[in-house]
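The values are calculated or read from the model by the stated rules, or taken from the named source; none is laboratory data. Please read these numbers as outputs of a predicted model, since none were measured by experiment. With ideal geometry, Cβ positions are generated from the backbone for all residues, glycine too; neighbour counts draw on all protein chains shown. In case anyone asks, the SASA skips ligands and DNA or RNA and just uses the protein heavy atoms, side chains included. Shrake-Rupley method; radii C 1.70, N 1.55, O 1.52, S 1.80 Å.
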Amino acid sequence: MISDGLGWALLAISAAVFWWLIGSRTWSMEERKRSAAVLVLFIASAVFWAAFEQAGSSLNLFAERSTNRWILGWQFPAGWFQFVQPIFVVTLAPVFAWLWIALNRKGLEPSSPAKFSMGLLFGGLAFAVLVPAAAMTRHGAQVGVWWLTGTYFLQTLGELCLSPVGLSAMTKLAPERAAGFMMGIWFLSISIGDWLAGKAGSLYSSMPLPTLFGVVALFGIVAAAALSVLVRPTVRLMSGVK
């Protein structure tokens, strides 16, 4: 897990880089506008991964302590839930690839910021699903595997809306003379999300689970709503990049 000191350092580095990209006259006006669009997507990415990367902490603890894992008299390990998301990714990635192409042919494909908003919404809903499940476990009861399976399904939908789209948008929006550097900056958003996920996971035993999952869900849904409002301004900043 990323330490607090390193986490704050990553935030400081990111702030300094974007101040340089957006505020410095070293870059053209178009490059500065596109960098501002990258900043919006960067923040959205960090928020998404802050929820998504709890799969190895909060969600794994929920699988171990609060999920009924008995099948025909045998209890499978909680870690086996880590296979669920990869299976969904492999299954659904071709579907999403086909969907975006089909929508593009009809002129209906959402913009990258709109896809990010969808990703955040799915990420928030993934934790909203667990709020009633967590409430049922407050007195020691265990819930069925379908609660977590549903959460991982929704997270995968969000990942497929955001992760490959983010990489593609970054390669197009990054200034040509700093393309490699900008790809590195993009991965900083994932690192910051990992750090925030660790901070949230550390509250697992000290905060009521319905509250913890509810706060994460609300954060994602509110971020999705905020980004949906910013879709058009962000698209304008992208200066023709789709």
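Taken over the C-alpha atoms, the range 196-242 has Rg and Dmax values of 15.9, 48 angstrom. Here, the range 63-154 yields an orientationally averaged convex hull projection of 7.3 nm² when only Cα atoms define the hull.
Here is the size of the range 1-71 from its Cα atoms: Rg then Dmax, 18.6, 63 Å. Put simply, the amide H of Val143, placed in the peptide plane, has neighbours under 5 Å in Thr67, Asn68, leaving out anything fewer than 5 places away on its chain.
A protection proxy built from the mean count of other Cβ atoms within 10 Å ranks the segments 135-143, 122-130, most packed first, as 122-130, 135-143.
Using 1/(1 + (r/R0)^6) with R0 = 41 angstrom and r between the beta carbons of Ile101 and Leu218, what's the FRET efficiency to the nearest 0.05? Please report the intermediate quantities before stating the final value.
Working: r = 34 Å, r/R0 = 0.83.
The value I calculate is 0.75.
Heavy-atom accessible area for Glu31, with the other protein chains in place and a 1.4 Å probe, reaches approximately 40 Å². Spin-label model, Ile13 to Gln82: label points 7 Å out along the Cα-to-beta-carbon direction sit 2.5 nm apart. For the chain, the number of Lys pairs separated by eight or more positions or lying on different chains, with C-alpha atoms closer than 24 Å, is 9. Electrostatic tally near Trp8: other residues with Cβ closer than 15 Å to its Cβ, Lys and Arg +1, Asp and Glu -1, net -1. A simple rule links phi to the HN-Hα coupling: the Karplus curve 6.51 cos²θ - 1.76 cosθ + 1.60 with θ = phi - 60°, which for the range 125-141 gives 5, 4, 7, 4, 4, 7, 4, x, 5, 5, 4, 6, 9, 4, 10, x, 6 Hz, with x for Gly and Pro.
P(r) for the range 113-228, from all Cα pairs and a bin width of 10 Å, is 13, 37, 31, 13, 5, 1 %, short bins first. Centroid-to-centroid, using Cα positions, the range 125-175 and the range 65-103 are 11 Å apart.
Would you calculate, for the chain, the mean residue ellipticity at 222 nm contributed by helices, counting each DSSP H stretch of 4 or more residues as -39,500 (n - 2.57) and dividing by all residues, to the nearest 500?
Numbers: 8 runs with 181 residues, N = 242.
When only DSSP H runs of four or more count, the value is -26000 deg cm²/dmol.
Counting heavy atoms of the protein chains alone, Trp20 has an accessible area of about 90 Å² for a 1.4 Å probe.
Using every Cα-Cα pair within the chain, state what percent have a distance larger than 28 Å.
Working: 10406 of 29161 pairs.
For the chain, the share of Cα pairs beyond 28 Å comes to 36 percent.
Computed from backbone phi, the HN-Hα couplings of the range 219-234 come to 4, x, 5, 5, 4, 4, 5, 5, 5, 4, 5, 8, 4, 5, x, 5 Hz, rounded to whole numbers (Karplus: 6.51 cos²θ - 1.76 cosθ + 1.60, θ = phi - 60°; Gly and Pro given as x).
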